[in-house]
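A.B. asks: Okay, here's the structure, questions in a sec.
Readers should treat all values here as calculations from the given coordinates under stated rules, not as data from a laboratory. These figures come from a predicted structure and were not determined experimentally. Every residue, glycine as well, gets a Cβ built from its backbone with ideal geometry; the counts of neighbours run over all protein chains shown.
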Amino acid sequence: SLAKSGPSIHPVTMLGWSSFFAIPQVALASYLFEDHQWAHLAEATWRGWGGVVYSAVGSSLLAYSMWYSLLKKLPVNKVMPYSLLCPVGAIALGCLVMHESLTPDKVTGAAVVILGVALSSVTRPLRSISWFKHWTRSTEA
């Protein structure tokens, strides 16, 4: 993977440069598709700016730092399934912090994602066992 074989770049540096190069694209999209951007900035409350700070520090800086450090230490196929849990964490935080409703659709979706990650994590070690290889070949035919 690039994180292991590429040049040794600190995750925060990589995040900073990728965010910097995204500014022109985001600014152009905002100009083309949104109205009254400056007025909205002037009217933003402390909750709005708190969301910006959380996005910058919590979900970007901390999360990407942890992600890149895991990719440096572990194979991608061990780390990647857990990235699928991000929406489940977002639903949980939305319910806990923002008091959003937990609908049956959200619970079902979260259960499917968790089951998928669990199956991915459990069946990968089983693939090396001879009876599992034989069983999966016989069910594919």
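A.B. asks: Can you check how the C-alpha radius of gyration of region 1-91 compares to 2.2 N^0.38 Å, as a plain ratio?
C.D. replies: After normalising by residue count via 2.2 N^0.38 Å, the value is 1.36.
A.B. asks: Ordered by packing density, taken as the mean number of other Cβ atoms within 10 Å over each peptide's residues, highest first, how do 100-110, 82-92 rank?
C.D. replies: With the highest mean Cβ count within 10 Å placed first, the list reads 82-92, 100-110.
A.B. asks: Quick one: length gained pulling Val12 to Lys73 fully straight, 0.36 nm per residue minus the C-alpha distance?
C.D. replies: This chain segment gains 20.3 nm when fully extended.
A.B. asks: Next question, about the same structure. Quick check: from the Cα gyration tensor, does region 47-92 come out rounded (a/c under 1.5), prolate or oblate?
C.D. replies: Because a/c hits 1.5 or more and a/b fails to exceed b/c, region 47-92 counts as oblate.
A.B. asks: Then there's this: Full-extension gain between Leu28 and Val112, please, as 0.36 nm times their residue separation minus the C-alpha to C-alpha distance.
C.D. replies: 26.5 nm
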